[in-house]
Amino acid sequence: MELELILYLALMLAVAETFGWIFARIEQPVVLGQIIGGILLGMFFPPTTEVKDISMLGVLLLLFLAGLESSVDELKEAGKAGLSVAVVGVAIAFLMGFGIVYPFKGFEQALLYGALMTPTSVSLTVRVLMELDALKTVEGNTILTAAIVDDILGIVILSIVISMLVQGSINPIGIGLIFAKVIVFILAAIYVVPPAIDRLLRKVVHLGFADSTITLSMATLFAFAYLAEHMNLASILGAYLFGLSLSETEFRRPIFEHTRILAHSMFIPLFFVDVGMNIPLRSISEVGIFALVFSLGAIASKVIGCGLGALLAGLDRRQSLRVGIGMIPRMGVELAMLAIAMNAGIVGEDAYVVIVLMIFLSTLVTPPLLKMAFKEEASSEYSPNLLS
């Protein structure tokens, strides 16, 4: 049974809001509620190509907002501990993901799943640390700074992997060319684009079209995403890097606030509901063991990798364990990455089940583990900030 597109969108948004509210009430991530709602909706109304095309705008806006929330200065000031945790954590996660998947699905899929295991979403961790009054501790500061670097590394790795798999060739020259493209893209986003877009937006405001800064930003965002695709890179890399470029201008805050309202009230909920609608329930039993092993590996990889990175940066064992646990959660970036990979035709729909289970388990175990790790600590042991 098919509904007209406009009614389909209305139904999806209603489901997103309802299930998001229910999950928020039981102190679970809203995203999971939207996905569960999408699964139930998909049992009655199959997903359509038109809806998927619209929901893909949510992917770009999600990464654009992530870029806006970052900043080049924050990356430069991430500190030894944050950088070490992010780099080692991403490396271990990728290698563990590759090692787990290779026996099941072969070399190319192992590369992709390894990349999908790398990002971290610390919004849940931040909420728990705030409840424990531990956000301003050494561990809290390390997690926050590591998350900034972690996002960029994860997106870059996935862009490189997708580019290699789409081209169908994995050789040193091809990999070197992809790396060169990524580096050029990043350098342009940091040094060339910010002053250019800042001057352009200033002129728009000077001409009396202040509201047009949002429209112009959206147009440039989609152009960046297209440019990344045209360069055989992932469109999410273009979206993220343009957000990072805009974060260096005085228009960062108003553009973020306006875009956040638009994105989170419509396009991002549509994306997550569409993810749920595209989860093939018939394949849950088929990928059950694999999905569980992958999810447990994803949890262990961050505890081990990020914990090791914290140890190498000089934190003690207890602090390093807390950092590792705090970096466990996964959330929207992985699904955005997966959507791009699926659009490129390099992974099947069963991957949705695997990644959603990973998100569910990682968000489920983090709060109790984090509270246990901090439970026996006296508040007098905390120091303001030892990262400098």
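Could you please give the count of residues in segment 13-33 that are modelled with pLDDT under 90 and either part of a helix (DSSP H, G or I) or under 17 Å from Val275 (Cα atoms) (or both)?
The initial filter retains those residues of segment 13-33 that are modelled with pLDDT under 90, namely 23-24, 26-33.
Okay, now just the ones that are also either part of a helix (DSSP H, G or I) or under 17 Å from Val275 (Cα atoms) (or both), so 23-24, 29-33.
Result for segment 13-33: 7.
Pro194 fails exactly one of the following numbered conditions: (1) under 29 Å from Lys302 (Cα atoms); (2) touching an Asp or Glu at 6+ places or on another chain (Cβ under 7 Å). What is the number of that condition?
(1)
Any residue in segment 43-54 that is part of a helix (DSSP H, G or I), closer than 30 Å to Val193 by Cα and not charged (D, E, K, R)?
Step one: of segment 43-54, the residues part of a helix (DSSP H, G or I) are 49-54.
This time we only want the ones that are closer than 30 Å to Val193 by Cα, so: 53-54.
Imposing the further condition that a residue be not charged (D, E, K, R) reduces the set to 54.
Yes, that holds for at least one residue.
State which residue pairs qualify: first residue part of a helix (DSSP H, G or I) and inside segment 239-253, second residue surrounded by fewer than 24 Cβ atoms within 10 Å (Cβ to Cβ) and of a type in the set (D, E, K, R) in any location, beta carbons under 7 Å apart, and separation of 6 or more residues or different chains.
Matching pairs, first to second residue: Leu246/Arg252.
Could you grab me the full set of residues in segment 181-216 that are of a type in the set (A, V, I, L, M) and not in a helix (DSSP H, G or I)? If you could, list the steps in order and put the result at the bottom.
Going residue by residue through segment 181-216, those that are of a type in the set (A, V, I, L, M) are 182-184, 186-190, 192-193, 196-197, 200-201, 204-205, 207, 210, 214, 216.
Passing the criteria: Leu207, Ala210.
So which residues in segment 330-355 are of a type in the set (D, E, K, R) and surrounded by 24 or more Cβ atoms within 10 Å (Cβ to Cβ), if there are any at all?
Passing the criteria: Arg330, Glu334.
Kindly evaluate Leu246 against the criterion of being over 22 Å from Ile148 (Cβ atoms), surrounded by 13 or more Cβ atoms within 10 Å (Cβ to Cβ) and in contact with a Phe, Trp or Tyr (Cβ under 9 Å, 6 or more places away or on another chain).
Working: over 22 Å from Ile148 (Cβ atoms): no; surrounded by 13 or more Cβ atoms within 10 Å (Cβ to Cβ): yes; in contact with a Phe, Trp or Tyr (Cβ under 9 Å, 6 or more places away or on another chain): yes.
Answer is no for this residue.
I need the full set of residues from segment 260-273 which are at pLDDT 90 or above and over 17 Å from the mean Cα position of the chain (by Cα), in order please.
Selection gives Ile261, Ser265, Met266.
The values are calculated or read from the model by the stated rules, or taken from the named source; none is laboratory data. As the structure is a computational prediction, the values presented were derived from the model and not from experiment. As a convention, Cβ positions derive from the backbone with ideal geometry for all residues, glycine included, and neighbour counts pool all protein chains shown.
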